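Structure record follows, encoded as structure tokens.
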Amino acid sequence: MNLKYKRRYESLKRSIKSYLLENASLTDEICHLQAELSRSRSQRLYLIERLMFHEGLEKPNSSRPGVTNGKIEATENSGSAKKNKPVVVQKKSSENNPKSVAIVRKKKSAFPMNLNSILLHSLGEIISVNPNFHNENWIYPVGYVATRIYAHPKDPRKKCVFTCKILNNAGIPQFQIIPDNDLDGVFFGESANTCHMELLNTIQRSPNVKVKIPFEVQGEVFFGLSNQKTQSLLMVDPGFPLCTNFKSFSIPNSKSINNASISFETLQAFLT
């Protein structure tokens, strides 16, 4: 009888040892993957910040040539302007005299697109048949993606790149605000204001915020839907005329765009 239990004991010891080794191996693999994920997040954040810098959304250091006051200098624009020059072809008239005819090529929208305060990566598609994706003053295209720089939710003194998305969740729009270096803290809801309000409430609860900040919820402005360029692009979408509930775009004033709820620089004035 003792020999029987001794064999079982030895078998259990071997099983436990095997599980310990397997668990240690899995732990090492998880730590390795977490390090790789953290490194990838840092690289992605760096690349987005560099992209936004070159698009003129980030104020440059004084030592960097070619960019002034957050805008790309004319020397860069002159190169792009040459690419968009009209093509001149020779056309013969009835008198066999050559005449120059300028054919202007229509410039296509290139993404990402600089919209002064945000980068528009994808305009998305207007779902005109579903009234949930538009109202009297706003249109919410599915697949819309834009990034902007604002205060980090956990430490408002630091900058953070936010990705704003509009998705289709079983016929209901889902808005997402994703902090680039904190993918676990995604703000989402059925309206842009819901996402923006959650972000502002998180910033207000931060230990680094000692005063009550006069935040103003402006979800559509934060997403970039109030930008005139965005609205112009939406107006040429084939689904735009079919949005029966839509009347006209709401255009905010300059004060609402540069307040603490939208502007990182304005927010810092309340934190000092």
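Miscellaneous remarks
- Whole-number D in µm² s⁻¹ for region 176-236, Kirkwood Cα-pair radius fed into Stokes-Einstein, 4 °C, 1.567 mPa s: 99 µm²/s
- Surface composition of region 146-266: carbon plus sulfur atoms hold 53% of the accessible area, using a 1.4 angstrom probe and ignoring ligands, DNA and RNA.
- Equivalent ellipsoid semi-axes, region 138-272, via Cα gyration tensor eigenvalues times 5, rooted, Å: 28, 17, 12
- Greater than 21 Å apart at Cα, pairs in Lys165/Lys212; Lys158/Lys210; Lys158/Lys229; Lys165/Lys247: Lys165/Lys212; Lys158/Lys229; Lys165/Lys247
- Amide hydrogen neighbours beyond the local backbone of Glu216, cut-off 5 Å, H modeled: Ser261
- Here the calculated FRET efficiency for Lys212 and Ser25, from their Cβ-Cβ distance with R0 = 51 Å, stands at 0.50, rounded to the nearest 0.05.
- Rounded to the nearest 0.05, the FRET efficiency derived from the C-beta distance between Ser250 and Leu167 at R0 = 22 Å is 0.50.
- Extension gain, Leu242 to Gln228: 0.36 nm times the residue separation minus the Cα-Cα distance gives 3.0 nm.
- Summarised in one figure, the compactness ratio Rg/Rh of region 208-272, Cα atoms and Kirkwood Rh, is 1.13.
- Where region 193-232 is the region considered: accessible area per residue in Å², 1.4 Å probe: 47 Å²
- Just so you know, the Rg over Rh for region 117-204 is 0.99, from Cα atoms, with Rh as the Kirkwood radius.
The values are calculated or read from the model by the stated rules, or taken from the named source; none is laboratory data. These numbers were taken from a predicted model, which means no experiment stands behind them. Cβ atoms come from the backbone with ideal geometry, glycine included; neighbour counts cover every protein chain shown. Surface accessibility is based on the protein's heavy atoms, side chains included, excluding ligands, DNA and RNA. Shrake-Rupley method; radii C 1.70, N 1.55, O 1.52, S 1.80 Å.
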